[in-house]
Amino acid sequence: WYKKPKSEIVGRHMNEIMLPETYGAYENAIERVLAGEVVLDERESKTPDGVYRHKRANYVPDRDDDGTVVGFFALVHDITDMRRATSELEIERARLAEAQRIGNMGNWERDFETGELHWSDQTFHIFGQAGRISHGPDPEGFMALLHEDDRPAVQAALDAAIETDAPYSLDHRIVLLDGEVRVVHEEAVVVRDADGRALRMAGTVQDITEQRQAEAALRESEQRFQDFANASADWFWEFDANDRLIFISVKLSEYGPNPEEVIGKTVEEMRGDFAG
């Protein structure tokens, strides 16, 4: 650290070896240990070659036979790499949390050994439990959050995944504290040991309520259009993006085959199907 041979360090005062700013940062801890206190100090400081390192220092008083402090022992760990890794992990966790917030998707994991259920922050938010509990509920508590009509299907899917590795992928309803009903999509996999024993289950949950509402609104809009078209004396037809017929009105079908005979065909495939 100090880029000096041992002979130039032993016998020198610490403020002669450290940079002034570095010694100043540690001076309070040194005064405390010389007063008889055991001190743990963790901070980032600059070495004489200008490199900032994060260090964890343990200072322990050195006492003589009558208990007088005559000096101190210092055990210093360079934890720069550990702190860097921790910082990077915290950044990745923050990015994951933000991505989950944007996508309204959380993740969870249940440990079959301990029975503990771990939820991400967004999972707490989705189930309306943010700030109420610090960990995921037990199996009974989880079922209590579901719409009562959906509980048997969810339980059956969980049992099948654990017992036979059947895919756990389903939509179901949950009920928030204020009575609001939301729709979520869950997917999970079971992790097993070498003997095939289920160890834990890891999964994701996504709130798809708005998606379901949009799909329902689209179906209603489509039905209104078809009802209007079928009641009109005009001809109506509709093609999809692949140029295939997806709807013809009753009036138009009077001039050709039944709708089920032409739905799904392109214009070229329908040549000759209509009389007019």
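With R₀ fixed at 30 Å, the C-beta to C-beta distance from Leu89 to Lys3 puts the FRET efficiency at about 0.45. In the chain, excluding the sites themselves, the longest stretch lacking any of the GluC sites (Glu not before Pro) that are in a DSSP loop with at most 12 other Cβ atoms within 10 Å is 1-112. Whole-Hz Karplus values for segment 153-168 come out as 5, 5, 4, 5, 5, 5, 4, 5, 5, 6, 7, 10, 6, 4, x, 9 Hz, taken residue by residue from phi with 6.51 cos²θ - 1.76 cosθ + 1.60 and θ = phi - 60°; glycine and proline positions read x.
In the context of the full set of protein chains, residues of the chain present 64 Å² of accessible surface per residue (probe radius 1.4 Å, heavy atoms only). For Ile208, the amide hydrogen comes within under 5 Å of the amide hydrogens of Val183, Val184, His185, counting only partners 5 or more places away or on other chains and with H modelled in the peptide plane.
Largest GNM mean-square fluctuation across Asp66, Asp81, Asp150, computed for the chain with C-alpha springs under 10 Å, falls on Asp66.
A cut-off of 5 Å between modelled amide H atoms, ignoring neighbours fewer than 5 places along the same chain, links Arg200 with Phe112, Val191.
Please report, to two decimal places, log10 I(q)/I(0) for the chain at q = 0.07, 0.11, 0.12, 0.15 Å⁻¹ as given by the Debye formula with identical point scatterers on the Cα atoms and no solvent. Calculated log10 I(q)/I(0) at the listed q: -0.60, -0.90, -0.94, -1.05. With respect to the chain, whose longest principal axis is taken over its alpha-carbon atoms, helix 80-103 is tilted by about 20°.
For the chain, the carbon plus sulfur part of the accessible surface works out to 51%, probe radius 1.4 Å.
Counting lysine pairs in the chain that sit 8 or more residues apart in sequence, or on different chains, and whose Cα atoms lie under 23 Å apart gives 8. Across segment 99-147, the relative contact order, built from alpha-carbon pairs under 8 Å that are at least six residues apart, equals 30 percent.
GNM on the chain, alpha-carbon springs under 10 angstrom: the most fluctuating residue among Gln223, Gln122, Gln155 is Gln223.
The values are calculated or read from the model by the stated rules, or taken from the named source; none is laboratory data. It should be emphasised that the depicted structure is a prediction, and the values quoted were computed from it without experimental measurement. Counting neighbours? That spans all protein chains shown, and the Cβs are built from the backbone with ideal geometry, glycine included. Just the protein is used for accessible areas: all its heavy atoms, side chains included, with ligands, DNA and RNA removed. Shrake-Rupley method; radii C 1.70, N 1.55, O 1.52, S 1.80 Å.
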